[in-house]
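Okay, structure first, notes after.
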Amino acid sequence: MSAFLRSFLRLAALLVALTAHPFTWADDAVDFFRAVNVDDDRTVKTLLARGFDPNTTNPRGQPGLFVALRDESPKVAATLVAHPAIRVDATTAADETALMVAALRGNLEWTRRLLDLGAALNRPGWTALHYAASGPDLMVLKLLLERGAQIDALSPNRSTPLMMAAGYGPHESALWLLAGGASRLLRNDRDMSAADFARSVGRDGLALQLEPPAR
C-alpha cells in the first residue's frame, strides 16, 4: 500500500470518527478542566490514557498545567508533568507560563520542580522573576536568582522585578533584589522608577531606601 493511500485512509477514518462523535473532543475538554479545577487526577489520567492532549487550553487560552498550579491542584499538576507530551513552557493567551504562576503563588516546590524539568527562566517579556517579586515568598525569589534569573529583566513596558517588588511584593523582596545588584536607576515606559512604585502605594519608607544616592 502506498504512503499516499495510507494517509488517505487515515484521514477518511478520522472524518468518520468526527462525524459519528462530533462532540467527544469538546466534552472531554469540559471534563478535563472540571477535573483540573478540583484536583481530580483520576479523571485526568483516564482522559490522557484515551489520547487527550495534555496541552489543551480552556476558553481563556490557558493550558491545563497553568490552571492546575493557579488553582492549587498538585495531583493533577503531577499527572500532567509526567506525561511525555507535556510542554512545560506552553503559554496562555496572555503569554504566561506555568513557572510564572507557580512563582506568583509563592509555590517553592513547584517552582523548583518546573525548573528541574527545563522550564524557561529567562524569556522575552514578563518573566518568572517579575512574578516572584510580586508574590509572597522571598524563597522563590532567591531560588530563581540562584538558578540564573536576570535581575533587571525588562517587561514589555520596561518594568523590572525591583519595580514589581516595590509596588506589589514584600519589602524584603525589594531589599533583597537591591542588595543583589538590581538597578534603582531604571525607569519604565511610564517614567516610573522602583521608588516611584513604592511611593504610589504608600510605602514611603521603602521608597526612600530605593531612591538613588544623592550626588
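The values are calculated or read from the model by the stated rules, or taken from the named source; none is laboratory data. Fair warning: this is a prediction, and the values are worked out from it, not measured in the lab. Note that we place each Cβ from the backbone using ideal geometry, even for glycine, and neighbour counts take in every protein chain shown. Each accessible area value is taken on the protein alone, full model and side chains, heavy atoms only, with ligands, DNA and RNA left out. Shrake-Rupley method; radii C 1.70, N 1.55, O 1.52, S 1.80 Å.
Points worth noting:
- Scanning region 75-91 for any residue that is modelled with pLDDT of 95 or more and closer than 30 Å to Asp191 by Cβ turns up at least one such residue.
- Inclusion of Ala103 among residues that are in contact with a His (Cβ under 9 Å, 6 or more places away or on another chain), open to solvent by less than 20 Å² (accessible area, probe 1.4 Å), assigned to a helix (DSSP H, G or I) and within 30 Å of Leu178 (Cβ to Cβ) is warranted.
- The residues of region 87-110 that are closer than 19 Å to Ala133 by Cβ and of a type in the set (A, V, I, L, M, F, W, C), listed by number, are Ala94, Ala98, Leu99, Met100, Val101, Ala102, Ala103, Leu104, Leu108, Trp110.
- Looking across Ser155, Ser173, one residue alone is among the small types (Gly, Ala, Ser), touching a His at 6+ places or on another chain (Cβ under 8 Å) and in contact (Cβ under 8 Å) with a residue 12 or more places away in the chain. It is Ser155.
- Arg190 being of a type outside the set (A, V, I, L, M) and modelled with pLDDT under 95: no
- Pick from region 155-188, criterion more than 16 Å from Thr127 (Cβ to Cβ) and charged (D, E, K, R), ranking: surrounded by the most Cβ atoms within 10 Å (Cβ to Cβ): Arg184
- Within region 117-137, at least one residue is more than 17 Å from Ser183 (Cα to Cα) and over 15 Å from the mean Cα position of the chain (by Cα).
- Residues of region 31-81 classified as under 15 Å from the mean Cα position of the chain (by Cα), part of a loop (DSSP other than H, G, I, E, B) and under 21 Å from Arg113 (Cβ atoms), total: 5
- Scanning region 187-206 for residues that are over 14 Å from Gly169 (Cβ atoms) and hydrophobic (A, V, I, L, M, F, W, C) yields Met192, Ala195.
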